[in-house]
1. Taking square-rooted eigenvalues a ≥ b ≥ c of the alpha carbon gyration tensor, is the range 217-296 rounded, prolate or oblate, where a/c under 1.5 means rounded and, failing that, a/b exceeding b/c means prolate?
2. Mean residue ellipticity at 222 nm from the helices of the chain, using -39,500 (n - 2.57) per DSSP H segment of n ≥ 4 over the full residue count, to the nearest 500 deg cm²/dmol?
3. Tell me, in nm to one decimal, what length is gained between residue 32 and residue 103 on full extension, where the rule is 0.36 nm per residue of separation less the Cα-Cα distance?
4. How far is helix 244-257 tilted off the main Cα axis of the chain, in degrees rounded to 10, range 0 to 90?
5. What is the helix-to-structure angle for 273-300, meaning the angle in degrees between its Cα long axis and the longest Cα principal axis of the chain, kept from 0 to 90 and rounded to the nearest 10?
6. Modelling each spin label as a point 7 Å along the Cα-to-Cβ direction, I'd like the residue 113/residue 231 distance in nm, to one decimal.
7. Between residue 178 and residue 123, what is the label-point separation in nm under the 7 Å Cα-to-beta-carbon projection?
8. Using only Cα atoms, locate the centre of the range 31-85 and the centre of the range 242-308, then give the distance between them in Å, rounded to an integer.
Ligand code: AQP
């Protein structure tokens, strides 16, 4: 009997400030389960250029996101942390997979529909925005990941990854492991505080939409105090879209405290929305304090993060290059004498 750990891979785009949705949907479960898995976590910078971007900001945010991975508690003896673009195999496998991916599959992706709708005319939409789920499939398949810990919004992309892997395996022979989605028990879909009908997102202009991991306590409290609720005056979990604001606050509270729904509803019995907002805000402030402190320590030594990322890329490339070589061979490319 072997004790081989299952492989996991996930990543976050350095496309803005990370928020508590990214933390609860992805980062927290990476940290909570890191000892159980052989883990690869990358900063997916190539995904962040699928919409217009600022080069200096991309570079700064890439380091910031990597530092947040470590500040949240990822330990390097359990997790390989690296930058996606530092491992060239990602872009090469993405091209190979693009050539077996049906256009119809990509047009059906909800994230493409939502994000492209913001740009209106086709001429304003980059082809990368349509194709990036294929790059995401390459990210996952290169590492033969069995599980992909992500928020609920990414489920469709993981299903697409499986479809692409199945088509490749059926056409060219068994090459890729089929990955499964791993959602957290709570917090898989955190909604915007000002728009509880829409998921909390990095790319929004509203000041009251998202609580960022590096927000100060005052700002966090202000955002929770102004969170949209309803006029029912009842504090309980509910799937009713009209009660989505209160449900979202309770979900955030549950994800940070791990209390049961029944205990939480009992705790707020007879209390008003003001008390709920204060309690959730204070819980988030306290929960983020260790992460924020560690982030500031880590970034005090800028060279450290770059060194971690260099070592991570080296380790990741060992795995990724092997899978890419297998895929190239199976597709019939003439082996190169130049390496
Ligand atoms: N609101 C959310 N609730 C729970 N999980 C979430 N995630 C994102 N939003 C929520 C999870 O965070 C991880 C990283 O996401 P991403 O950066 O790859 O892109 P995204 O899903 O498109 O996230 P954002 O924050 O909305 O970014 P932008 O605005 O740049 O597109 C994923 O695991 C995701 O599920």
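1. On the way: a/c = 2.16, a/b = 1.64, b/c = 1.32.
Because a/c hits 1.5 or more and a/b exceeds b/c, the range 217-296 counts as prolate.
2. On the way: 12 runs with 168 residues, N = 339.
So the calculated ellipticity at 222 nm is -16000 deg cm²/dmol.
3. Values: separation 71, 0.36 × 71 = 25.56 nm, distance 3.70 nm.
In short, 21.9 nm is gained.
4. 70 degrees
5. Around 40 degrees separate the two axes.
6. 3.2 nm
7. 4.4 nm
8. Cα centres, the range 31-85 to the range 242-308: 21 Å.
Computed from the coordinates by the stated procedures, all read-outs in this text should not be read as laboratory data. Remember, predicted model here, so these are calculated numbers, not experimental data. When we count neighbours, we look across all protein chains shown, and the Cβ atoms used for this are built from the backbone with ideal geometry, even at glycine.
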